[in-house]
1. Just how large is the dipole of segment 25-71 about the Cα centre, in debye to the nearest 20, putting +1 at every Lys and Arg Cβ and -1 at every Asp and Glu Cβ?
2. With every protein chain left in place, what is the accessible area of L149 in Å² (1.4 Å probe, nearest 10)?
3. Quick check for you: with a 1.4 Å probe and neighbouring chains kept, what is the accessible area per residue of the chain, in Å²?
4. Divide, for segment 1-112, the radius of gyration over alpha carbons by 2.2 N^0.38 Å, where N is the residue count.
5. Please list the non-local residues whose amide H lies under 5 Å from the amide H of A111, H modeled 1.01 Å from N, same-chain partners needing a gap of 5 or more.
6. Around A17, what is the net charge, scoring Lys/Arg as +1 and Asp/Glu as -1 over all other residues with Cβ under 14 Å from its Cβ?
7. So which of K29/K120; K123/K249; K2/K152; K61/K273 end up more than 20 Å apart, counting from Cα to Cα?
8. Give the percent of DSSP beta bridges with both residues in the chain that are antiparallel, rounded to the nearest 5.
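The values are calculated or read from the model by the stated rules, or taken from the named source; none is laboratory data. It should be emphasised that the depicted structure is a prediction, and the values quoted were computed from it without experimental measurement. All Cβ positions, even for glycine, are placed from backbone atoms using ideal geometry, and neighbour counts span all protein chains on display. Heads up: the accessible areas ignore ligands, DNA and RNA and are worked out on the full protein's heavy atoms, side chains in. Shrake-Rupley method; radii C 1.70, N 1.55, O 1.52, S 1.80 Å.
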Amino acid sequence: MKSTVCIPTLNARDNWAAFSAALKSQTAKPDEVIVLDSESEDGTAEAAARDGFRVVRIARKDFRHGATRQLAAEMASDSEVLIYMTQDAILARRDAFSVLLAAFENPEVGAAYGRQLPSKGAKPIETHARLYNYPLNSNLRSTESIATLGFKTIFFSNSFGAYRRNALQAVGGFPLDVNFGEDTVTAARLISAGWKIAYVAEAQVFHSHDYTWREEFQRYISIGRLHGEHSWLLCDFGGTSGEGLRFVKSELLALSKLAPQSIPCALFRTACKYVGYRIGRKRSKQQEVTPVSSTERNR
């Protein structure tokens, strides 16, 4: 199965050696690697070129999470599967690509994503977040999953996620106007169109973030805006409050056992997330996006 790896980059030189070495050591070699570099100032583009990757330079001001990834999809060769990664996701196993690509042997699978493990030195709060959102067991989700999983049905991450190219094209590609959560919107379009999404726990990367409370706050403003501007997500897949409450309960339980000193920080961050989300919803344009089955969404 032919594949293309697509990686947006910006000043990634600090961990480029580890990222590139892990990619090049894969047992399933991609047919091409496209690096979309946003005017890096640290030699990232040059390092990627030396590694034999195809480098596409884009203006930093033109970068958008949806549009830039769609550009990569259009520039890729005749690959059947497009694998998207972020510059800070380090492949944890030499068979990560092989295991992820195996999910597409099921012709009903339109997209698949791997497990994100806490990076070395990750703090307790972020460690729990990775383990909660990326569990030990794989699963396959479809429209039938909505009744039990709700909004979690469309959980997806482009930090290490792959798409069947014709499925991505069939739902109109990535949303060009979205600069946060393009993976969620695309996953929802695929599910709505009848495709299935595979979570492949054996395909693993090291990837986590030690966000400050301000960064967490801003992130949840972006999530709130996404849910407000694409309100069909909540209408079709249910609200997020139930899943949010389950996460908080799980976090407090885990921290009470492993790092009780982190509980006050976790509660403060939870408050920041909630306030940020509400601000994002308020700031959103409250524009309802037509579901994927309509002519407008599929043009």
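1. Value, rounded to 20: 200 debye.
2. So the heavy atoms of L149 present about 70 Å² to solvent.
3. Heavy-atom SASA per residue in the chain reads 47 Å².
4. Relative to the rule-of-thumb radius for its length, segment 1-112 sits at 1.04.
5. The list, which skips near neighbours in sequence, is R164, K196, A198.
6. -2
7. K29/K120; K2/K152; K61/K273
8. Here the share of antiparallel DSSP bridges comes out near 35 percent.
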